[in-house]
């Protein structure tokens, strides 16, 4: 999709603050000197069997892009594909899950659109607001910054194992907890502590989204694999070869930009693993990084770990140690 979008003519408008150029999480359009509109959408097929929890996860994933831009979601609309031959109570539960997550975000669910489709799909189109001077992007990381990650990774591998009935209930519940958790709580810290760049970690995996940040900022991101919060069971399943197809696609595209310094293969698999509703990757001045971690945890986020630093541009955009 990215290569297709790159082929389109570039849009030039002084009020378009963030567009297609940097593979960012959402578009940002300045409405006036005090307010800019954030626009994003996302939807996907079920990742869990429980329709209510699927609705929550899909909504949390869609809302995440607004937080990654430094904004506040205000209204959302449902995007629904659902087979007309299926039990409509299932759809009601999906929509109820989405509604509850939108309410938790402090936004309004104001309608949407549905089509008859063979396979269920659900997500949101979300509009948010941000001050034009406080817009965050993935392309302003600075040499000397430290990198903070706000959720553990390995969700794609766990979802694959869950589909094969290889996970016990406790691990499955932990995966659902991580995916349905709003990045709202991590983003609250941006009101107190200035950060340079932010992106959320989704289908491109930690290394894929780190690559977009590195390219957009013309720097190298050094990631310490021993500091990355990884779900223990994801490492175990990766060692067994229980890996989603998306990991291989990510690795094939990203690996030419990565130096891995002989890091264990199962660890690299998790770093390439596509995430569903993952956390935020934040680039922040070293002097503010530890305060940021404390603030994120105090605000109720699931995790906050310093996982690396930003270097002057090296031969590769990503260095994993």
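Okay, here's what the table says:
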| quantity | calculated |
| --- | --- |
| Counted residues, the stretch 40-78 - those being surrounded by 24 or more Cβ atoms within 10 Å (Cβ to Cβ) and part of a helix (DSSP H, G or I) | 15 |
| Residues (in a loop (DSSP other than H, G, I, E, B) and under 19 Å from residue 238 (Cα atoms)) located in the stretch 166-183 | 166, 167, 168 |
| Which listed residue is over 15 Å from residue 138 (Cβ atoms), outside the structural domain of residue 58 (by TED's automatic domain parsing) and either touching a strand residue (DSSP E or B) at 6+ places or on another chain (Cβ under 9 Å) or buried (at least 20 other Cβ atoms within 10 Å of the Cβ) (or both), from 214, 210, 245, 234 | 234 |
| Positions within the stretch 79-101 being closer than 30 Å to residue 30 by Cα and either touching a residue at least 60 places away in the same chain (Cβ under 8 Å) or surrounded by fewer than 24 Cβ atoms within 10 Å (Cβ to Cβ) (or both), in sequence order | 79, 80, 99, 100, 101 |
| Test: residue 270 is surrounded by 24 or more Cβ atoms within 10 Å (Cβ to Cβ), in contact with a strand residue (DSSP E or B) (Cβ under 6 Å, 6 or more places away or on another chain) and over 29 Å from residue 192 (Cα atoms) | yes |
| Residue match in the stretch 5-26 (condition: surrounded by 24 or more Cβ atoms within 10 Å (Cβ to Cβ), touching a helix residue (DSSP H, G or I) at 6+ places or on another chain (Cβ under 6 Å), modelled with pLDDT under 95 and under 27 Å from residue 274 (Cα atoms)) | yes |
| Hey, residue 144 assigned to a loop (DSSP other than H, G, I, E, B) and touching a residue at least 60 places away in the same chain (Cβ under 8 Å) or not | yes |
| Meets criteria (modelled with pLDDT of 95 or more and surrounded by fewer than 22 Cβ atoms within 10 Å (Cβ to Cβ)) for residue 229 | yes |
| Considering residues of the stretch 187-196 that are touching a residue at least 12 places away in the same chain (Cβ under 8 Å) and surrounded by fewer than 24 Cβ atoms within 10 Å (Cβ to Cβ) only, the residue farthest from residue 284 (Cα to Cα) | 188 |
| Subset tally (residues that are assigned to a helix (DSSP H, G or I) and in contact with a strand residue (DSSP E or B) (Cβ under 7 Å, 6 or more places away or on another chain)) for the stretch 91-108 | 7 |
| The one condition in (1) surrounded by fewer than 22 Cβ atoms within 10 Å (Cβ to Cβ); (2) under 17 Å from residue 271 (Cα atoms); (3) in contact (Cβ under 8 Å) with a residue 60 or more places away in the chain that residue 162 fails to fulfil | (2) |
| Test for residue 280: is it more than 18 Å from the chain's Cα centre (by Cα), closer than 22 Å to residue 67 by Cα and crowded, with 21+ Cβ neighbours inside 10 Å | no |
| Every residue from the stretch 116-135 that is assigned to a strand (DSSP E or B) and under 16 Å from residue 87 (Cβ atoms) | 116, 122 |
| Residue within the stretch 299-315 that is farther than 19 Å from residue 202 by Cβ, in the same structural domain as residue 161 (by TED's automatic domain parsing) and free of Cβ contacts under 8 Å to residues at least 40 places away in the same chain present | no |
| Residue in the stretch 303-314 that is closer than 28 Å to residue 41 by Cβ and surrounded by fewer than 17 Cβ atoms within 10 Å (Cβ to Cβ) present | no |
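The values are calculated or read from the model by the stated rules, or taken from the named source; none is laboratory data. Remember, it's a predicted structure, so these values are computed and weren't measured experimentally. Please note: Cβ atoms are built from the backbone with ideal geometry, for glycine as well, and neighbour counts cover all protein chains shown.
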